[in-house]
Amino acid sequence: MKNEYYLFINLPLPYAYDALEPFIDEKTMHLHHDRHLQTYINNLNKIMTENPSLQKISLNDLLINANELPKNLRTEIINNAGGIYNHRFFFDGMSPHPSSPTGALAECINEQFSSFENFKNEFKQAALSVFGSGYAWLVVNNGKPCIVTFPNQDCPLSYGMTPIIALDVWEHAYYLKYYNMRADYIDAWFNICNWHRASQIFAKYCEK
Ligand code: MN3
């Protein structure tokens with residue numbers, strides 16, 4: 001990942017703002033990337049400017065070792081570092097080019113969830129079950145792929161998990177186009193989920 005250290009910047013999307021149409025609209029992508037993500041970046045930069053001893057810690061390490069952060073700053077850092085990591089992971093995890101899991105990831109999904117279709121059903125149910133704001137994730141936990149959800153900007157890295165796929169189900173991710181119909185947004189998102197990248201991340205994890 002680029003820009004792992006302070007000073008954090010808002011990296012451009014790996015595709016055009018309108019590239020995910022009709023599944024995710026251009027206006028939502030502008031607001032989501034340019035305003036929501038930017039706010040987390042501004043907030044974390046401010047905290048780190050005021051606390052220079054934190055500046056040598058990478059974004060990932062802030063989240064992996066969240067328990068070691070100063071108590072008075074911990075929640076604020078988890079929220080904002082998580083907001084940056086999770087959004088980058090979510091945006092990078094989409095693509096206008098259709099794809100499916102390949103290689104080891106495809107095998108493990110079939111083994112763990114019986115079939116890719118069944119995985120998608122379970123993932124959708126998990127994403128629907130997030131009460132309020134949060135994300136559904138496909139992660140590797142203890143060597144196995146599994147579906148988890150976390151509220152707000154909590155990050156799987158803080159729980160020793162390796163993220164493979166992220167789905168942002170905060171209302172700002174879909175409300176302009178889908179209103180309160182989260183299920184429709186989830187169905188649409190499956191069309192643009194970047195399984196090519198997910199398969200690469202999983203393959204890299206398996207090499208370790
Ligand atoms: Mn979001």
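Filtering the stretch 149-165 down to residues that are over 12 Å from the mean Cα position of the chain (by Cα) and buried (at least 16 other Cβ atoms within 10 Å of the Cβ), which residue is nearest to S95 (Cα to Cα)? Here the residue is M161.
When the residues of the stretch 90-110 are filtered to those that are within 16 Å of the ligand (Cβ to nearest atom) and of a type outside the set (A, V, I, L, M), the one that is farthest from L54 (Cα to Cα) is G93. Residues in the stretch 142-197 that are touching an Asp or Glu at 6+ places or on another chain (Cβ under 8 Å) and in a strand (DSSP E or B): I147 only.
A single member of A81, A16 is under 30 Å from D184 (Cβ atoms) and within 19 Å of the chain's Cα centre (by Cα), and it is A16.
To keep it simple, each residue is scored yes or no on (1) away from the ligand (no atom under 16 Å from the Cβ); (2) in a helix (DSSP H, G or I); (3) touching a Gly at 6+ places or on another chain (Cβ under 8 Å).
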{"residue": "Y5", "(1), (2), (3)": "yes, no, no"}
{"residue": "L11", "(1), (2), (3)": "no, no, no"}
{"residue": "Y17", "(1), (2), (3)": "no, no, no"}
{"residue": "T28", "(1), (2), (3)": "no, yes, no"}
{"residue": "H32", "(1), (2), (3)": "no, yes, no"}
{"residue": "Y40", "(1), (2), (3)": "no, yes, yes"}
{"residue": "N67", "(1), (2), (3)": "yes, yes, no"}
{"residue": "E76", "(1), (2), (3)": "yes, yes, no"}
{"residue": "R88", "(1), (2), (3)": "no, yes, no"}
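No other residue among N72, N45 is surrounded by 15 or more Cβ atoms within 10 Å (Cβ to Cβ) and either of a type in the set (S, T, N, Q) or in a helix (DSSP H, G or I) (or both) apart from N45. Evaluating P145 against the criteria (1) in contact with a strand residue (DSSP E or B) (Cβ under 9 Å, 6 or more places away or on another chain); (2) exposed (fewer than 15 other Cβ atoms within 10 Å of the Cβ) leaves one unmet condition, (2). Would you please name the residue that is farthest from E76 (Cα to Cα), looking only at residues in the stretch 187-208 that are within 16 Å of the ligand (Cβ to nearest atom) and in contact with a Leu (Cβ under 7 Å, 6 or more places away or on another chain)? By that ranking, first place goes to I192.
Computed from the coordinates by the stated procedures, all read-outs in this text should not be read as laboratory data. Here the structure is a predicted model, which is why all the values come from computation and not from measurement. Heads up, the Cβs are rebuilt from the backbone with ideal geometry, glycines too, and the neighbour counts pull from every protein chain shown.
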